[in-house]
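Undergrad: One structure, as structure tokens, below. Some questions next.
The values are calculated or read from the model by the stated rules, or taken from the named source; none is laboratory data. Remember, it's a predicted structure, so these values are computed and weren't measured experimentally. We place every Cβ from the backbone using ideal geometry, glycine too, and count neighbours over all the protein chains shown. Areas reflect the complete protein model, heavy atoms only, side chains present, ligands, DNA and RNA absent. Shrake-Rupley method; radii C 1.70, N 1.55, O 1.52, S 1.80 Å.
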Amino acid sequence: MYVHILGPLRATVDDRPVTLGGRRTQTVLAALALEADWAVSVDGLVEAVWGSCPPASARTQIRICVSTLRRAFALAGAPGTIETHSYGYRLRLGPHDLDAAVFESGMERSRLLAGNGRRAEAVLELRNALALWDGPVLAGQTSRALDPGIRRLEELRIRAIEERLELELALGRHGDVIGELLALTATYPFREQLHGQLMLALHLAGRTAEALAAYRRVRVTLVEELGIEPGPRLRDLERSILLGECLSA
């Protein structure tokens, strides 16, 4: 059994797709998958499907959705995947059976490798972890109750990108990451770490005027949109570039 949530929701057994049923049934699976190996209450599943205005039959309909999923998994060769608990249900998955869990394990391994000075291997680990993504978390799901779990994973994704780029810069690959950083800073205009990485990459590539221009752009964005000045890391980086100090990642 393998469940994909880093992109559109889907499940496979031995690489064969499992038919997951309709929207409500898929929302139930999405809520269980975000809390894999933890029990989710029936009330939590009701909120995921209907929000704050559930019908009187909501709890019965949740049981029907769970039965539909159990039947689909059993027919595919993965019986017992959903367990009943005293107050809800648990999606029972191993550490390699959910793409989000595999992704987080990859991040942890990368940090261990980087901490031991094995930066090139750490970069490869992060690249493999990020390759698991094929779109926004649970793309197409509209339940607001899923938002906290979705935001947590999306934040981990951008953090993994930042960590990989930091390692790339430390390996002297500044010229290779400038294009990616230009795109990322446009997509995430308030993430100061990405802007600092772009400034450093440009400066190390001999494009100091562009590095200073990048600082001016992010400062204008932060001041005009959020009413704040750049943080000390960005300010110190700009000052070091202006003073011509020797910089490295």
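Undergrad: Test each condition in (1) within 24 Å of the chain's Cα centre (by Cα); (2) among the aliphatic types (A, V, I, L, M); (3) open to solvent by 20 Å² or more (accessible area, probe 1.4 Å) for LEU194 and report the one that comes out false.
TA: Failed condition: (3).
Undergrad: Hey, among the residues in region 229-245 that are under 28 Å from the mean Cα position of the chain (by Cα) and assigned to a loop (DSSP other than H, G, I, E, B), which one's farthest from ARG191 (Cα to Cα)?
TA: It comes out as GLU229.
Undergrad: Please give the number of the condition THR25 fails out of (1) surrounded by 15 or more Cβ atoms within 10 Å (Cβ to Cβ); (2) hydroxyl-bearing (Ser, Thr, Tyr); (3) closer than 24 Å to GLU155 by Cβ.
TA: Only one criterion is unmet by THR25, namely (3).
Undergrad: Which number in (1) part of a helix (DSSP H, G or I); (2) within 27 Å of GLU154 (Cα to Cα); (3) out of contact with any Phe, Trp or Tyr (no Cβ under 6 Å at 6 or more places or on another chain); (4) open to solvent by less than 70 Å² (accessible area, probe 1.4 Å) marks the one condition that ALA129 misses?
TA: It is condition (3) that ALA129 fails.
Undergrad: Using the structure shown, decide if ALA183 is open to solvent by 20 Å² or more (accessible area, probe 1.4 Å) and either modelled with pLDDT of 95 or more or touching a Gly at 6+ places or on another chain (Cβ under 6 Å) (or both). Spell out how you get there, then give the answer.
TA: Numbers: open to solvent by 20 Å² or more (accessible area, probe 1.4 Å): yes; either modelled with pLDDT of 95 or more or touching a Gly at 6+ places or on another chain (Cβ under 6 Å) (or both): yes.
For ALA183, the condition - open to solvent by 20 Å² or more (accessible area, probe 1.4 Å) and either modelled with pLDDT of 95 or more or touching a Gly at 6+ places or on another chain (Cβ under 6 Å) (or both) - is met.
Undergrad: Report the residue count in region 165-188 for those that are in a helix (DSSP H, G or I) and farther than 26 Å from VAL220 by Cα. Quick ask: steps written out before the conclusion?
TA: From region 165-188, those in a helix (DSSP H, G or I) are 165-170, 174-187; that's our starting set.
Checking which are farther than 26 Å from VAL220 by Cα leaves us with 167-168, 170, 176.
Counting residues in region 165-188 that are in a helix (DSSP H, G or I) and farther than 26 Å from VAL220 by Cα gives 4.
Undergrad: Looking at GLY44, is it on the phi > 0 side of the Ramachandran plot, modelled with pLDDT of 95 or more and of a type outside the set (A, V, I, L, M, F, W, C)? Explain how you work it out, then say what you get.
TA: On the way: on the phi > 0 side of the Ramachandran plot: no; modelled with pLDDT of 95 or more: yes; of a type outside the set (A, V, I, L, M, F, W, C): yes.
Judged against the criteria, GLY44 is not a match.
Undergrad: Here's another thing I want to ask about it. For region 171-180, which residues satisfy the criterion of being closer than 19 Å to SER240 by Cβ and open to solvent by less than 20 Å² (accessible area, probe 1.4 Å)? First the steps, then the outcome.
TA: Start the filter on region 171-180 by keeping residues that are closer than 19 Å to SER240 by Cβ, which leaves 172, 174, 178.
Within region 171-180, ILE178 is the sole residue that qualifies.
Undergrad: Still on this structure, I have one more. So which residues in region 87-118 are open to solvent by less than 30 Å² (accessible area, probe 1.4 Å), in contact with a helix residue (DSSP H, G or I) (Cβ under 8 Å, 6 or more places away or on another chain) and in a loop (DSSP other than H, G, I, E, B), if there are any at all?
TA: Across region 87-118, the qualifying residue is only LEU93.
Undergrad: Being of a type in the set (Gly, Ala, Ser) and on the phi > 0 side of the Ramachandran plot narrows it down to one of GLY196, GLY179, GLY227, so name that one. Explain how you work it out, then say what you get.
TA: Values: GLY196 fails: on the phi > 0 side of the Ramachandran plot; GLY179 fails: on the phi > 0 side of the Ramachandran plot.
After ruling out the rest, the residue left standing is GLY227.
Undergrad: Sort through ALA209, ALA201, ALA213 and tell me the only one that's among the small types (Gly, Ala, Ser), in a helix (DSSP H, G or I) and either in contact (Cβ under 8 Å) with a residue 12 or more places away in the chain or closer than 16 Å to ASP176 by Cβ (or both).
TA: Working: ALA209 fails: either in contact (Cβ under 8 Å) with a residue 12 or more places away in the chain or closer than 16 Å to ASP176 by Cβ (or both); ALA213 fails: either in contact (Cβ under 8 Å) with a residue 12 or more places away in the chain or closer than 16 Å to ASP176 by Cβ (or both).
Sole residue among the options that is among the small types (Gly, Ala, Ser), in a helix (DSSP H, G or I) and either in contact (Cβ under 8 Å) with a residue 12 or more places away in the chain or closer than 16 Å to ASP176 by Cβ (or both): ALA201.
Undergrad: May I ask you to list the residues in region 62-78 that are surrounded by 12 or more Cβ atoms within 10 Å (Cβ to Cβ) and not in a helix (DSSP H, G or I)?
TA: First pass over region 62-78, keeping only residues surrounded by 12 or more Cβ atoms within 10 Å (Cβ to Cβ): 62-76, 78.
Residue satisfying the conditions is ALA78 alone.
Undergrad: Next question. Only one residue in THR84, THR68 is β-branched (Val, Ile, Thr), farther than 18 Å from ASP14 by Cβ and touching a helix residue (DSSP H, G or I) at 6+ places or on another chain (Cβ under 6 Å), so which one is that? Before the answer, list the steps.
TA: Working: THR84 fails: touching a helix residue (DSSP H, G or I) at 6+ places or on another chain (Cβ under 6 Å).
The conditions single out THR68.
Undergrad: Given the options GLU168, GLU162, name the one that is in contact with an Asp or Glu (Cβ under 9 Å, 6 or more places away or on another chain), open to solvent by less than 50 Å² (accessible area, probe 1.4 Å) and either modelled with pLDDT of 95 or more or among the hydroxyl-bearing types (Ser, Thr, Tyr) (or both).
TA: Values: GLU162 fails: in contact with an Asp or Glu (Cβ under 9 Å, 6 or more places away or on another chain).
Of GLU168, GLU162, the one residue that is in contact with an Asp or Glu (Cβ under 9 Å, 6 or more places away or on another chain), open to solvent by less than 50 Å² (accessible area, probe 1.4 Å) and either modelled with pLDDT of 95 or more or among the hydroxyl-bearing types (Ser, Thr, Tyr) (or both) is GLU168.
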